[in-house]
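Contents: one structure, followed by commentary.
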Amino acid sequence: MKKPHLVVEIENPSDVHQGKYKILNLKVKNKRSAGILKFSNQTATQVRVYLTFKDFASKTDLFTTIARWNTTREPLTPDYKTVDVGLALTNQREVISPDEEPSLSVAIKKSGEIECYAFNNESYLQQADFANPKWKISDDKVIVIAKVQTAEVENIEASFLLINKAVLNQFSISKYKE
């Protein structure tokens, strides 16, 4: 059976509100095979990514969120003044064709703050600053496990290290190996 060849990689961060916030991003890439293997290229459908945040020292789970695809509409009303609660509480799925690599949000940090927060559609319900208290990260390092599920393939995982430094330009994500 043909299956998509998905990998999770680091994407460039997003600066929001003229550098007042920084959002760390990942991307899910559907690698295209070439040559004789090109017949095996397959589109990934119903793609959803779960992000599990783990304590760095103990490796215990802190919480799990469903990632927000950056290619989907922000859950705001057309006038961008209020949150569309229906969209905020909907966890979209993505379709990824071979060679496509849509990005997803991982965490957000406000300039001058110690804490950062996991970020997804529900973060928009915290209109003032996107800081959902149940997804608060105070530690300077946490492990992020990205688990990709699709209609064709289950349980593709990649591990990352989120560095939560007080200075916004040092807030980063990198590959992690135990």
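The values are calculated or read from the model by the stated rules, or taken from the named source; none is laboratory data. If you're wondering where the values come from, they're calculated on a predicted model, not measured in any experiment. Glycine gets a Cβ as well: all are built from the backbone with ideal geometry, and neighbour counts include every protein chain shown.
Overview of values
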quantity	calculated
Any hit, the stretch 109-128, residues being hydrophobic (A, V, I, L, M, F, W, C), modelled with pLDDT under 90 and more than 20 Å from the chain's Cα centre (by Cα)	yes
All positions within the stretch 143-172 that are hydroxyl-bearing (Ser, Thr, Tyr) and part of a strand (DSSP E or B)	Ser159, Ser172
Qualifying residue in the stretch 65-78 (condition: among the basic types (Lys, Arg), surrounded by 15 or more Cβ atoms within 10 Å (Cβ to Cβ) and part of a strand (DSSP E or B))	yes
Looking only at the stretch 79-107, and only at residues there that are among the hydroxyl-bearing types (Ser, Thr, Tyr) and in a loop (DSSP other than H, G, I, E, B), the one that is farthest from Asn25 (Cα to Cα)	Thr82
Complete set of residues in the stretch 117-142 that are part of a strand (DSSP E or B) and in contact (Cβ under 8 Å) with a residue 60 or more places away in the chain	Ala118, Ile137, Lys141, Val142
Residue under evaluation Pro102, criteria (1) in contact with a strand residue (DSSP E or B) (Cβ under 9 Å, 6 or more places away or on another chain); (2) closer than 24 Å to Ala151 by Cβ; (3) at pLDDT below 95, criterion not met	(3)
Test: residue in the stretch 95-102 that is in contact (Cβ under 8 Å) with a residue 60 or more places away in the chain, buried (at least 16 other Cβ atoms within 10 Å of the Cβ) and of a type in the set (Gly, Ala, Ser)	no
Selected residue [of a type in the set (S, T, N, Q), under 15 Å from the mean Cα position of the chain (by Cα) and surrounded by fewer than 17 Cβ atoms within 10 Å (Cβ to Cβ)] from Ser159, Ser138	Ser159
Within the stretch 39-64, tally of residues that are outside any loop (DSSP other than H, G, I, E, B), in contact (Cβ under 8 Å) with a residue 60 or more places away in the chain and closer than 20 Å to Ile156 by Cα	12
